[in-house]
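Take a look at the structure set out below.
No value in this document is a laboratory result; all are computed from the given coordinates. Everything numeric in this text was worked out from a predicted model, so none of it was measured. Glycine gets a Cβ as well: all are built from the backbone with ideal geometry, and neighbour counts include every protein chain shown.
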Amino acid sequence: MHRSVALLLATLWCCVACEKFSLPKDEYTYFEVVATPEERGWYPEETLSFTFSAALDAGSLADAVTIAYEGDPVHATAVTADGDKLLVSGLLADATLTLTIESALKSADHQPLVAKNDEGYGSEPQVFLFTIGPAFPAVAQVLPGDTLRSENIALKFTGPVDSAKMTVTPKPVETVAQDDGLLLSFSSAPAKLTIAGLASPLRPGTVPDITLSFNNTAPASAEPTVTETILDSAVSFTIEGDGLVAAALDDALAVCDGDCTLTRDGLDAGADYSFDLVLYRTDGITTVTRNVSTLPPAPHIMISEVMHTPAGEPEKNWEFVELYNFGTLDFDLTTCTLDDRADGAGEDPLVPLVEGDVILKPGEYAIILGSESTLHLTIDTDPHVYFVDDTTLADGGLTSTESVQINCIVNEAISREAYYDGLFKGADRGQSVVIDTQGRVCASAEQGGTPGAAETCPE
């Protein structure tokens, strides 16, 4: 007995002396997500990357990974596998992305995906939300054409541009940037130009360099014609002519594709004015002076608030458009309609909550709601209330990029009486877009907005 014990001890000592003894180090490794994209705003050109504990089986992606966008089911977002990474690219601009990963996702060695929970691990779906910001503005149009020679070249973009740090080669003698338009004026027509450092006021970063080449063919040119449309507090100038590239009135710029319109509002009724229009043509620059007299006072309304992404559910029952009579005369809404994209594809008449309530007096507010909304029951400012039948305001969500306008029949013709362009992107979910009487645009200070009440944007 003692001899057997001694022999065993000797054997163990020999093993320890000859080779270090240890327990097996490998324990079962779960197939799981080990790193996710950081929590921040993302942009369409970026790629979301998820890292897993093992290489992915690319064949399991289609059944296990779902992409959805709030209010916009059509998209070109791609989901691919690269080793142990799941990559999501082609993000939809100005949207909220929901990515769902099911346990049907497999590793290359066929392990099912698991997720950590309070009890350890489980097979429940993993859901991730990301806010996608605006895309870089892209060139939508070049005037007078992207190959034709011209002393003045105008570019129209898919969004607003910021030229503060832009460089252009060759250097133009004049540069004007406004909203989604950019005008470059040269002393002689360039054969080629490069634009670098152009930015967007809506996001960080700069637009990829733009290079344009032009041949030696000059486009047709003719003396432009100018016609006026005169109202009581505004005048619009429509300019037409071959070879017309752009036009400017004070600090307002219009890119012209055969014709364009410039408007000056905020004028006094029944007053005389003189305006200088600067016309940028393929063969030079001319200035045209127009003397006009405004009409007597007329009634006026404006869109003063838009709630496009409310916090309440369903969203369409909490959306609203607010109108304000900022004029000095009563405004009759009898013939007015709401158009949510300014395309005429869907216009809804305004149906008053109280039959016959169609007059908006100076200083009064009105709110426009979807047909199923009860929002007006929570408002104590007693605004006028109108409903639409859900082909515009509440048709599936008034998106943050849609324009909104009020059209009315005036003197037997359709007239756009109020307009919001949909460009403001600073309102988070639950905040409305406020447009004050000074023309400033901001997010509402309060969640839910201030329907039926005045709100002023900071200067």
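See the values below:
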read-out: Ordering of 304-316, 190-202 by burial proxy (mean other Cβ atoms within 10 Å per residue, highest first); value: 304-316, 190-202
read-out: Full-stretch length increase - Ala115, Thr167 - with 0.36 nm per residue and alpha-carbon distance subtracted; value: 13.7 nm
read-out: 3J(HN,Hα) from dihedral phi, region 302-308, Karplus parametrisation 6.51/-1.76/1.60, rounded to Hz, x for glycine, proline; value: 9, 7, 9, 7, 9, 9, 9
read-out: Ala108 paired with Asp330, simple spin-label distance in nm, labels 7 Å along Cα-to-beta-carbon; value: 7.8 nm
read-out: Pairwise FRET efficiency - Ala76 versus Thr437, Cβ, R0 = 51 Å, nearest 0.05; value: 0.80
read-out: Net charge contributed by nearby residues that have their C-beta within less than 10 Å of Ser60 (K/R +1, D/E -1); value: -2
read-out: In nm, spacing of pseudo-spin labels at Asp382 and Ala445 (7 Å Cα→C-beta vector); value: 2.4 nm
read-out: Tilt relative to the chain, helix 2-18 - C-alpha long axis, 0 to 90 degrees, to 10; value: 40 degrees
read-out: Translational diffusion coefficient (Stokes-Einstein; Kirkwood radius from C-alpha pairs) of region 351-429 at 25 °C, 0.890 mPa s, in µm²/s; value: 169 µm²/s
read-out: Listed residue pairs exceeding 22 Å between alpha carbons, taken from Lys171/Lys425; Lys316/Lys425; Lys361/Lys425; value: Lys171/Lys425; Lys361/Lys425
read-out: Extended-chain gain in nm, criterion 0.36 nm per residue less alpha-carbon gap, Ser213 and Thr47; value: 56.6 nm
read-out: Efficiency of FRET from Cβ geometry, Thr29 and Gln141, R₀ 41 Å, rounded to 0.05; value: 0.15
read-out: About the Cα centre, charge dipole magnitude for the chain (Lys/Arg +1, Asp/Glu -1 at Cβ), debye; value: 2320 debye
